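Before any comments, here is the structure.
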Amino acid sequence: MFNSRIQDASSFVSKLETEASGDPKRSLSLAYLEIERRKLLHGFGDREKLIDALVQYFTRFGYLACFCSDVEVFLDILTPAEKINLLEKLKECLGTMSMVPAKSLGQAISLQKIQWQIGTIYKLPDAELESLAVMMVNLYCQNLPLSKDLDPQESMHGEELLCMVSNILVQLYWRTGNLGYLLETVVMLELGLNIKRFVSQYKILLLHLYSHLGALPVAYEWYRTLDVKNILLESVSHQILPQMLVSPLWEDLNDLLKDYLKFMDDYLRESADLTFLAYRHRNYSKVIEFVQFKERLQHSNQYLVARVESAILRLKEKANNIEEEEGVFECLKSGTQILELSSDTSCNSLTFNEDMQLRPWWTPTPKKNYLLGPFEELEHPWETLDYRKEWETHVREIVEKRSFLPRMIYLSVQCASASTKENMEANGSVTDSSLSLEMKSLLERYVKGLGCSLNDAVKVVLDVAEGRKSLEELGSDMIEWANFAVFYNAWTLSSHESMLLMGEETGCRTCFLALSSTPILYSFISSMWQEEKKSGGPADSSTFVLSQTIRDSVSSLYSIVEVVVQCLKEEVNKTDETVDLLLSSLEMGSNEGPGQVFRALKELVSTADEGELGDEIFQGIKSWSPKVITSKMLKGQHKMVSDFLQICEAKLKLHAYDADELIFRMSPAIKMYKLVGEERFLLWAVCSIQLQVSCGQGGDKLLALAEGLLKKHIASHSLHEPEALIVYISVLEQQGKYGDALEVLFGKLGSLILIEVDRLRLQGRLLAQSGDNAAAASTFQKILESWYAYGAICPDDWQCFLHYLGCLLEDDQSWCDGTTSEPRCPPKSVDKLPHITDAMFNSRIQDASSFVSKLETEASGDPKRSLSLAYLEIERRKLLHGFGDREKLIDALVQYFTRFGYLACFCSDVEVFLDILTPAEK
């Protein structure tokens, strides 16, 4: 059977090819390839025929940019030896062909891409890779005249070549560790952007290269030129945000976070209006689209990270002024606001909307960077980069740990305050005890993220402090361990545990050095100093020992920061001699190592002809200056050092300050309702509860609370707005109290809904959810009749018909999950329910047909789209239940096309009906 059918397919493609006129059709060539692939998959194919067909496809369409993606699936079926054989044939074919220059260039690029795809390039020795890079650069330079007359916004011919050369040079750097290859890559890409400013892939490559070279300010400048706005902030900002979060560029980071959070907050605020507008216009597909899109953004991991990091950044920026720091803590509700963001539910429901496809091969995710590790043989980077899940897990872990910091800083200050005798006498032990217990709980959760218990974590830090374990053994979690040491010591001040730091210099230096650029230690230390000032000196011998230990730690930390400051100042004062030194490594003239691509580019500059290249390309080449580029890179590194120096100098000038306890603010909605008793504030509170429950942060108790608040308000004030009644009913719906909701709707409060159709819709929905399908179908039937009987304002009420038919046949899935969102289209499959017999189905589907015929008779004017769709849906349901006539459905689709084929929505209208047809019927 397979052979017979595959032969039919081959004959059909041959017939199409015979009938086709003009140039060869790409789809037919791909069809031949797919047929050969299917044969091989079934064990009947000829691999040589597939290879020959691929060569033939290359001769015809190898110049297209999509060639490599076209053939990727066919390459997967070949063995490594067959891929090499194919590659050799493609090279032979390229050498014998004669085409126009642009197409010849396209084919040459496709051939190089195929080599990347197959993975042969990664196995070449260094010398061959260098030669290949030079060949590609020369090819790029030779074909620049082809782009002479292109619009500035158009893609240049051969611009992919520089991306491939970049990949080769970066691989050579990874193999050899020679930074000259990275510098060569940078100056080459800068030349490419001089020639054409709008090549985003060049900018992304440069962004990551400058980041790796420590010139993050320059990387950030290139990111800004990408003009990332709106939703691109969600999908593209991962290219720069992770690097910025661990840099001293606080001002730029603040701008980056503000832009992102402004877009997110604006969209999430406006999405309700957009959704309501779409609902008002009965564009239900858009309603669902808006809601689903909002959900994805609302649970975005970057949104959570940005909110957490924005709070931490504010604490960092204000760490030198205690009054401003207190203001930040007040806005953050003493750190609890950020802590609540990272609940288990929030972290588990995170969405990852980043587009990783544009990232360079050496850093497939923000967490993974091959260049930071030793060289390793890769078959093909793109085939072995399954790091996304690892990165997603890492994000969940790190954001949870980071969200603890504001609250733990606050509690550290409070624990320190509670440690003095004067404070204990004034405040008593109850509050202090609760703070200590909360701090201990957070410490246990914090070290759980480090993979150990609290006791084990204490032992690890003591081992490091006393020299039994090296700092390197802490690995990439060094900062987290240092944070733990500080927080643990703060907790011991208000508990009966022993401090980790015993005054030994080694311990102090090890634990505090890693924290020299964070606000955590300074908040803690400052509170210690202030407590001593307030108490007028140590109260007893134990307090004296504690105070002396802290003083020793502070002195040790300051001496370390002073050494760091001195080193940074020496780095800042370096002259520009480094520029010439770096460039000289590329100008040596050696045939090995970095510099060969650089010299090819310099030759282009020296031989450039304005008449041949055009003014724009010529000016771009002539304005290229490797010295300026290298100087810009060094200035970027200089700014990084300078900004870090400013932070360190500021820490040396910290002043003591008081750390008063901050209080929690009451919910503004409840507070306003208690003050003025207005219905709108109650609804605000109730809607907040509903949203909390819908996000998985509450349950029946919260909904019962919301219902109780509404009942109490109704008893004393009643309700006065239709929206208030709808909110009350929705609270009952969320609890599954459909009978109670119907009672409210049929009671006195039901008169608030003035439009009869709106009341009937709500009634039909509640009846369907309660399982009374007959009554629900009757209700939706009344709505449809009202449209046509009384000069309908919405005769195309397609969704209402779907509910009517679904309830009539008792297979409506719209309400099965308790949601109130309208379905976008009919279900693609309907199972026969055991309580619906064939006779009952036939009877009810006949009733539906008669009802639609009656509506069509009563309808006036032009044909109604909803009635035509209703006929189609009835025929579809018949087929799904095994009683339909496929020809009738096809005829109905043709009829629908003649009436409404001009509408933009035609294809989406008929999509679900096409799905039920066989390929031959389609």
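The values are calculated or read from the model by the stated rules, or taken from the named source; none is laboratory data. Because the structure is predicted, anything quoted here is derived from the model rather than measured. Counting neighbours? That spans all protein chains shown, and the Cβs are built from the backbone with ideal geometry, glycine included. These area figures cover heavy atoms from the full protein model, side chains too; ligands, DNA and RNA do not enter into them. Shrake-Rupley method; radii C 1.70, N 1.55, O 1.52, S 1.80 Å.
Here are some notes:
- Exclusive hit being hydroxyl-bearing (S, T, Y) and closer than 20 Å to S849 by Cβ, set Y902, Y896: Y896
Yes/no matrix, rows are residues, columns are (1) at pLDDT 85 or above; (2) open to solvent by less than 60 Å² (accessible area, probe 1.4 Å):
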site	(1), (2)
Y738	yes, yes
K782	yes, no
S786	no, yes
D817	no, no
D831	no, no
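- C93 falls short on exactly one of the conditions (1) closer than 18 Å to L146 by Cβ; (2) among the hydrophobic types (A, V, I, L, M, F, W, C); (3) surrounded by fewer than 18 Cβ atoms within 10 Å (Cβ to Cβ), and that condition is (1).
- Looking only at the range 59-69, residues that are assigned to a helix (DSSP H, G or I), open to solvent by 40 Å² or more (accessible area, probe 1.4 Å) and among the aromatic types (F, W, Y) come to 0 in all.
- Selection over the range 78-95 of residues that are aliphatic (A, V, I, L, M) and more than 12 Å from I118 (Cα to Cα) gives a count of 2.
- Taken together, the residues in the range 132-144 that are open to solvent by 40 Å² or more (accessible area, probe 1.4 Å) and either in contact (Cβ under 8 Å) with a residue 60 or more places away in the chain or aromatic (F, W, Y) (or both) amount to 1.
- Residue count, the range 707-727 (criterion: out of contact with any helix residue (DSSP H, G or I) (no Cβ under 9 Å at 6 or more places or on another chain) and β-branched (V, I, T)): 0
- Check on G708, outside any helix (DSSP H, G or I), farther than 30 Å from S853 by Cα and open to solvent by 10 Å² or more (accessible area, probe 1.4 Å): no
- Scanning the range 1-29 for residues that are assigned to a helix (DSSP H, G or I) and small (G, A, S) gives S4, A9, S10, S11, S14, S27, S29.
- So C825, is it hydrophobic (A, V, I, L, M, F, W, C), assigned to a helix (DSSP H, G or I), modelled with pLDDT under 85 and out of contact with any Pro (no Cβ under 9 Å at 6 or more places or on another chain): no
- Evaluated against (1) more than 28 Å from C141 (Cβ to Cβ); (2) aromatic (F, W, Y); (3) under 37 Å from the mean Cα position of the chain (by Cα), Y57 falls short on exactly one condition, (3).
- Being open to solvent by 30 Å² or more (accessible area, probe 1.4 Å) and over 26 Å from L94 (Cα atoms) is a description that does not apply to K49.
- The residue that is nearest to the chain's Cα centre (by Cα), among those in the range 1-46 that are open to solvent by 80 Å² or more (accessible area, probe 1.4 Å) and among the hydrophobic types (A, V, I, L, M, F, W, C), is L41.
- Filter pass, L867 being at pLDDT below 90, in contact with a Leu (Cβ under 7 Å, 6 or more places away or on another chain) and farther than 30 Å from Y738 by Cα: yes
- Only a single criterion out of (1) part of a helix (DSSP H, G or I); (2) open to solvent by less than 30 Å² (accessible area, probe 1.4 Å); (3) modelled with pLDDT under 85 is not satisfied by E422, namely (2).
- Restricted to the range 189-291, the set of helices (runs of 4 or more DSSP H) holding at least 1 residues that are more than 30 Å from D609 (Cα to Cα) and without any contact (Cβ under 8 Å) to a residue 12 or more places away in the chain comprises 216-225, 232-236, 250-280.
- Residue check for I845: at pLDDT 85 or above, part of a helix (DSSP H, G or I) and open to solvent by less than 30 Å² (accessible area, probe 1.4 Å): yes
- Counting only residues that are more than 27 Å from I836 (Cα to Cα), among the acidic types (D, E) and not in a helix (DSSP H, G or I), the range 853-912 holds 1 of them.
- Enumeration of residues in the range 659-700 that are farther than 28 Å from H299 by Cβ, modelled with pLDDT under 70 and surrounded by 13 or more Cβ atoms within 10 Å (Cβ to Cβ): A659, E661, L662
- Scanning the range 794-815 for residues that are at pLDDT 75 or above, at negative phi and out of contact with any Phe, Trp or Tyr (no Cβ under 7 Å at 6 or more places or on another chain) turns up W798, F801, L802, L805, G806, L808.
- Qualifying residue in the range 265-272 (condition: surrounded by fewer than 20 Cβ atoms within 10 Å (Cβ to Cβ) and closer than 17 Å to R314 by Cβ): yes
- Pick from the range 631-645, criterion closer than 16 Å to E317 by Cα and in contact with a Pro (Cβ under 8 Å, 6 or more places away or on another chain), ranking: most open to solvent (accessible area, probe 1.4 Å): F644
- Selection over the range 883-909 of residues that are within 33 Å of the chain's Cα centre (by Cα) and closer than 14 Å to L867 by Cα gives a count of 1.
- Set L268, L232: member being under 25 Å from L691 (Cα atoms) and modelled with pLDDT under 90: L268
- Failed item, numbered, when A768 is tested on (1) under 42 Å from the mean Cα position of the chain (by Cα); (2) surrounded by 16 or more Cβ atoms within 10 Å (Cβ to Cβ); (3) farther than 20 Å from A870 by Cβ: (3)
- For the range 910-922, residues that are within 22 Å of K864 (Cα to Cα), open to solvent by 30 Å² or more (accessible area, probe 1.4 Å) and in contact (Cβ under 8 Å) with a residue 24 or more places away in the chain total 1.
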